[in-house]
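The values are calculated or read from the model by the stated rules, or taken from the named source; none is laboratory data. Since the model is a prediction, treat every value here as computed from it, not as a measurement. Don't worry about glycine lacking a Cβ; one is built from the backbone with ideal geometry, like all the others, and counts go over all protein chains shown. These area figures cover heavy atoms from the full protein model, side chains too; ligands, DNA and RNA do not enter into them. Shrake-Rupley method; radii C 1.70, N 1.55, O 1.52, S 1.80 Å.
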Amino acid sequence: EACIPWTRLVQAGPVTYLGETLDLEELLLTRRGEFILKPARGYEGRGIQAGAFSQPDAWAEAVASALARGDSIVQEMLRPKPGGSLGGRFIQPGEYVLMGRLAGFLARSSATPLITPDLPERYHPVGVEVPWSVPCGRVNT
């Protein structure tokens with residue numbers, strides 16, 4: 001749990017956030033800069049909306065839509081630091097899986113902390129020697 005940001009299904013009602021019990025809709029509207037809305041079945045940053053990069057009206061509309069649809073999650077926004085070796089760009093690593101085994105890595109970078117296919121980004125090869133016997137799954141660091 002230490003490496004997974006605070007995450008909840010977007011459903012009307014109370015949630016516990018930082019030790020406080022709050023109404024989820026009110027929490028998202030009053031502290032929008034701390035959260036990201038995502039489709040529950042999304043991938044690669046597609047369809048996400050970050051409160052920190054949204055106008056208040058657009059964020060309120062996104063929250064209302066997510067509550068009505070019932071197919072979204074909300075996550076606490078993590079604030080990455082620019083990677084020094086890539087000219088101050090924000091970096092997001094990814095992995096390749098072949099036949100159920102970890103096969104390699106790729107990194108995406110962007111000039112903004114929000115890395116999505118909708119924004120200009122760059123792909124960078126990452127060379128890592130990985131034994132083929134390493135099973136897929138969560139890597140503990």
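Quick one: in segment 48-80, which of the residues that are touching a strand residue (DSSP E or B) at 6+ places or on another chain (Cβ under 8 Å) and within 12 Å of Leu114 (Cα to Cα) is modelled with the lowest pLDDT?
Pro80
Out of (1) at pLDDT below 75; (2) assigned to a strand (DSSP E or B), the odd one out for Pro113 is which?
(2)
Report whether or not Leu102 is at pLDDT 65 or above, open to solvent by 90 Å² or more (accessible area, probe 1.4 Å) and of a type outside the set (S, T, N, Q).
On the way: at pLDDT 65 or above: yes; open to solvent by 90 Å² or more (accessible area, probe 1.4 Å): no; of a type outside the set (S, T, N, Q): yes.
Spelling it out, it is not the case that Leu102 is at pLDDT 65 or above, open to solvent by 90 Å² or more (accessible area, probe 1.4 Å) and of a type outside the set (S, T, N, Q).
Of a type in the set (Val, Ile, Thr), out of contact with any Leu (no Cβ under 7 Å at 6 or more places or on another chain), within 12 Å of Ile73 (Cα to Cα) and open to solvent by less than 90 Å² (accessible area, probe 1.4 Å): is that true of Thr7 in this structure? Before you say what the answer is, go through the steps one by one.
Numbers: of a type in the set (Val, Ile, Thr): yes; out of contact with any Leu (no Cβ under 7 Å at 6 or more places or on another chain): yes; within 12 Å of Ile73 (Cα to Cα): yes; open to solvent by less than 90 Å² (accessible area, probe 1.4 Å): yes.
In short, yes.
Need at least 3 residues that are closer than 29 Å to Gly94 by Cβ and in contact (Cβ under 8 Å) with a residue 12 or more places away in the chain per element, so show me which strands (runs of 3 or more DSSP E) inside segment 1-82 make the cut, counting only ones lying wholly within it. Reasoning before the result, please.
Values: elements: 7-9, 14-17, 20-23, 35-39, 72-76.
Because the criterion is at least 3 residues that are closer than 29 Å to Gly94 by Cβ and in contact (Cβ under 8 Å) with a residue 12 or more places away in the chain, the strands (runs of 3 or more DSSP E) in segment 1-82 that meet it are 7-9, 35-39, 72-76.
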